[in-house]
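Each reported figure results from applying straightforward, stated rules to the coordinates on display, with no laboratory input. All values reported here derive from a predicted model rather than from experimental measurement. All Cβ positions, glycine included, derive from the backbone under ideal geometry; neighbour counts span all protein chains shown.
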Amino acid sequence: MSSIVILISGRGSNMQAIVEAGIPGARIAAVISNRAEAGGLAYARARGIETRVVDHTRFDGREAFDQALAAEIDGFSPQLVVLAGFMRVLTEAFVTHYHGRMINVHPSLLPAFQGLHTHRRAIEAGVRIHGATVHLVTPELDGGPILAQAAVPVLPDDDPAALAARVLAAEHHLFPQVVRWFVEGRVEVGPDGRARIRDVASTAACLCVPDAVNA
Ligand code: GAR
């Protein structure tokens, strides 16, 4: 049985999607937040999942925070660490410690729109297709090997909130699927640094609306 620790900073809807998907062969050992008020913590507690808060404002610098966070995570001996809306830049030492076993969902079709405010920037750029990416985490911010992506249209009247909602719905299908593949041991990274999902149709790693919302 694989043990998974999920890190959140806010409402935790992706965490909920993963919990509700039910990943065969895995259990969600803990949900950890850097914010005590993160909405997702109440959901996790109600589901009987262990929760922890490591409040970043109580630490003097990123290194101290990341060390405390790693100590909490490692207490659950996870095979996989899932960043599900965890809004902290992580130190290289932390990322290296979880090399090959930490994944993140980012609200854009990477490598486009790394960083923040992705939906507003996509609208301002005039792109017609936007989406979400699940990738392995490396020290390069939003730069690790891409595991799967979901594409959604950008509609003429979209504002950032409307586009964010469409992308989020796609994330809720994409992310649990990638967690399943990881637990099944299908995620591989080649010598070229590119990821592939073994024994899965290559199209399964690229969801497109309406498939993403009807799946
Ligand atoms: C999601 O849209 C996720 O892609 C994004 O935060 C949201 C969290 O929502 N993550 C990032 O921007 C990471 N850089 P949730 O708390 O409801 O899952």
> Classify the chain: rounded, prolate or oblate, from the alpha-carbon gyration tensor (a ≥ b ≥ c, eigenvalue square roots; a/c under 1.5 rounded; otherwise prolate if a/b is larger than b/c)?
Replying inline: rounded
> Can you give the convex hull volume per residue for the Cα atoms of region 1-118, as a whole number of Å³?
Replying inline: 114
> Going by the alpha-carbon gyration tensor, a ≥ b ≥ c the square roots of its eigenvalues, is region 32-100 rounded (a/c under 1.5) or, if a/c is not under 1.5, prolate (a/b greater than b/c) versus oblate?
Replying inline: oblate
> Dipole of region 1-126, Cα-centred, from +1 at each Lys and Arg C-beta and -1 at each Asp and Glu C-beta, to the nearest 20 debye?
Replying inline: 320
>> Under 8 Å for C-alpha pairs, at least 6 residues apart: give me the relative contact order for region 1-137, rounded to a whole percent.
In response: 24
> Looking at HIS173, PHE59, GLY190, which one has the Cα that reaches farthest to the positive end of the dipole of the chain (charges on Cβ: Lys, Arg +1; Asp, Glu -1)?
Replying inline: HIS173
